[in-house]
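Right, I'll just put the structure down here and ask away after.
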Amino acid sequence: MTGGPVNKIIHVDMDAFYASVEQRDNPELRGKPVIVGGRPEERGVVATCSYEARKYGVHSAMAASRALQLCPQAVLVHPRFDAYMAVSEQIHEIFHQFTDLVEGLSLDEAYLDVTENKLSEPSATKIALEIKRRIVETTCLTASAGVSYNKFIAKAASGFKKPDGLTVVTPDKAAGFLAKLPISAFWGVGKVTGQRMISLGITNGADLLRASLQTLTSEFGKSGAWFWQLARGIDDTPVYPFHERQSVGREITLPRDTSDLALIRELLAELSREVDKILRESGKHGRTVTLKLKFFDFRLVTRRITLKLPVPDATSILREALRLLPKTDAGHIPVRLVGIQVSGFQSLPEEEGAPNLPFPPF
Ligand code: DCP
Ligand code: MG
């Protein structure tokens, strides 16, 4: 589809990620419908579920109560973010054995640009197979991968066959692949846009290809031109390895559990200074402050606040953390870990923003 040199992009996405980690770490859960999420009595939602549970129609973001109605025999497990983060680090280490052009999208998903790579391996398919093999070897978990000449098609390809899939879409196969692709798989088509597409009679890539640029731009504004390009397999967005870090945080595990609020406040002051220092060094400004506490029984709570403007300094970070503190059981229940995180980054208007890259218009 393109005339110039062809890029080689791989998209890797772990299968039923949180649920697979739970099944790995607790053999009793293997082969069973597992739902990872919050309790129905606390109006919890499904983060994800095992493939056994998906057969019953359970899916991410569904109310846990609804999920258990659909699949009453499912085992509901609370998320263990530390375990998922550890796996995420392991898979990123594997990605970096091939290239440093790695763009993490979430804990379990990343793009790699392997056009040039550390092994000088010309076959992106071979690299994808080797990545999958190393992931199983290191984590005992499976991933699905898509290989193509741009990010959009690579991602659509990785979702094409799951779990443990590998789908390669070469330029000559792209038109056929995209024609059959459901409209919801097009980058930028969420729930609302998806419904509007369907009301326009656009249900898949073939329909989208038939829609004129004029129709698409009048219906979807700037995004219309973007969709028009995607229908033709055009996506020039680069693999962007720099926005991996979505928060800056520091935490400390105490030598002894404490209910002493004065001590906790002191620790928060120290953590605020440290977080502020990292933010300054990396030139980041975040609007969300998160207070993280782990109690003696390892129960983890986070409380967060999002401000209108980025927190400007350590004192402001501390002020927000102290406002969040009374919303926890600290002081009544012994605490073993205290942490502060700042996220929701944005560049300040007076500063130079991110390089002007051809990102999608949303
Ligand atoms: N996640 C979440 N809430 C959502 C969607 C996802 O907490 N609404 C979490 C749980 C998932 C993880 O992110 O395990 C990765 O999301 P994916 O969309 O990749 O879903 P899975 O990896 O669970 O399943 P799949 O095999 O479809 O990729
Ligand atoms: Mg996944």
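The values are calculated or read from the model by the stated rules, or taken from the named source; none is laboratory data. Only a predicted model underlies this, so the values are computations on that prediction, with no experimental measurement involved. Methodologically, a virtual Cβ is constructed for each residue, glycine included, from the backbone with ideal geometry; neighbour enumeration extends over all protein chains shown. Just the protein is used for accessible areas: all its heavy atoms, side chains included, with ligands, DNA and RNA removed. Shrake-Rupley method; radii C 1.70, N 1.55, O 1.52, S 1.80 Å.
What helices (runs of 4 or more DSSP H), lying completely within region 1-98, carry at least 1 residues that are within 23 Å of VAL301 (Cβ to Cβ)? Show your work before the answer.
On the way: elements: 17-25, 51-54, 64-70, 81-95.
Once the helices (runs of 4 or more DSSP H) in region 1-98 are filtered for at least 1 residues that are within 23 Å of VAL301 (Cβ to Cβ), what remains is 17-25, 64-70, 81-95.
List the residue pairs whose Cβ atoms are under 6 Å apart, where the first residue sits in region 100-116 and is under 17 Å from LYS126 (Cβ atoms), the second is of a type outside the set (D, E, K, R) and open to solvent by 30 Å² or more (accessible area, probe 1.4 Å), and the two are 6 or more positions apart or on different chains.
ASP113/LEU101; THR115/ASN7
May I pose another question? Is it the case that region 256-265 has a residue that's under 14 Å from GLY339 (Cα atoms), part of a helix (DSSP H, G or I), out of contact with any helix residue (DSSP H, G or I) (no Cβ under 9 Å at 6 or more places or on another chain) and assigned by TED's automatic domain parsing to the domain that holds VAL301?
Within region 256-265, one or more residues are under 14 Å from GLY339 (Cα atoms), part of a helix (DSSP H, G or I), out of contact with any helix residue (DSSP H, G or I) (no Cβ under 9 Å at 6 or more places or on another chain) and assigned by TED's automatic domain parsing to the domain that holds VAL301.
List the residue pairs whose Cβ atoms are under 6 Å apart, where the first residue sits in region 1-29 and is of a type in the set (Val, Ile, Thr), the second is at pLDDT 95 or above and within 9 Å of ligand 2 (Cβ to nearest atom), and the two are 6 or more positions apart or on different chains.
Correct list of pairs: VAL12/ALA143.
Separate question: Sort out which residues of region 89-113 are within 24 Å of VAL6 (Cβ to Cβ) and in contact with a Ser or Thr (Cβ under 6 Å, 6 or more places away or on another chain), and write them in order of number.
Across region 89-113, the qualifying residue is only LEU112.
Can you pull out the residues in region 60-81 that are without any contact (Cβ under 8 Å) to a residue 60 or more places away in the chain and within 15 Å of the chain's Cα centre (by Cα)?
SER60, ALA61
Return yes or no: is GLN90 polar (S, T, N, Q), more than 14 Å from ligand 2 (Cβ to nearest atom) and farther than 17 Å from SER144 by Cα?
no
Go through LYS118, LYS173 for me and flag whichever is within 24 Å of SER88 (Cβ to Cβ), more than 16 Å from ligand 2 (Cβ to nearest atom) and more than 23 Å from the chain's Cα centre (by Cα).
Working: LYS173 fails: within 24 Å of SER88 (Cβ to Cβ).
Criteria check complete, one pass: LYS118.
What are the residues in region 208-235 that are of a type in the set (Gly, Ala, Ser), more than 18 Å from ALA179 (Cα to Cα) and surrounded by 16 or more Cβ atoms within 10 Å (Cβ to Cβ), if any? If you could, list the steps in order and put the result at the bottom.
To start, the set of residues in region 208-235 that are of a type in the set (Gly, Ala, Ser) comprises 211-212, 218, 221, 223-225, 231, 233.
Imposing the further condition that a residue be more than 18 Å from ALA179 (Cα to Cα) reduces the set to 218, 221, 223.
Answer for region 208-235, where residues must be of a type in the set (Gly, Ala, Ser), more than 18 Å from ALA179 (Cα to Cα) and surrounded by 16 or more Cβ atoms within 10 Å (Cβ to Cβ): just SER223.
Could you list, in sequence order, the residues of region 274-302 that are assigned to a strand (DSSP E or B) and of a type outside the set (Ser, Thr, Tyr)? If you could, list the steps in order and put the result at the bottom.
Step one: of region 274-302, the residues assigned to a strand (DSSP E or B) are 286-295, 300-302.
GLY286, ARG287, VAL289, LEU291, LYS292, LEU293, LYS294, PHE295, LEU300, VAL301 - these are the residues of region 274-302 that are assigned to a strand (DSSP E or B) and of a type outside the set (Ser, Thr, Tyr).
Across region 9-41, what is the total count of residues that are more than 22 Å from TYR56 (Cα to Cα) and either within 16 Å of ligand 2 (Cβ to nearest atom) or crowded, with 24+ Cβ neighbours inside 10 Å (or both)?
Number satisfying all stated conditions: 5.
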